[in-house]
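Below is one structure, written out as structure tokens; the observations come after it.
The values are calculated or read from the model by the stated rules, or taken from the named source; none is laboratory data. The model shown is predicted, which means the values in this text are computed figures rather than measured ones. Surface accessibility is based on the protein's heavy atoms, side chains included, excluding ligands, DNA and RNA. Shrake-Rupley method; radii C 1.70, N 1.55, O 1.52, S 1.80 Å.
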Amino acid sequence: MIKSRQIGPDMTDDHTDGNSAFLDALRTRAMDDLIEASIEYGIILKDLAVIDRQFKGDIAAAMDKLTTRALQAQVEAANVDRENSNSVKKEQGRLEVT
């Protein structure tokens, strides 16, 4: 069974709670910070969903491993791209000096 929770304002909330404005501002600020931080790694974050995965059996274990590996590969690729970009910038700087 897969459940998803969105980090964002709850549209069913009637905002009668005194803390709702604070929580909405906190969510907005957190998403802004996450989007800014993800750009540094070459990841374009449009939305964030927290997924609770509760799979069963061998197929579920395989799905979990593949999903985890796919996410790791995406982060590794972003890191390689960033390192390559840094290397190119360093080389361009050296060539400009000479």
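Extension gain, residue 19-residue 72: 0.36 nm per intervening residue step, less the Cα-Cα distance, totals 15.4 nm. Surface listing: 39, 44 arranged by accessible area from highest to lowest gives 44, 39, probe 1.4 Å. Legend: residues 58, 33, sorted from most to least accessible area (1.4 Å probe; ligands, DNA and RNA excluded), read 58, 33.
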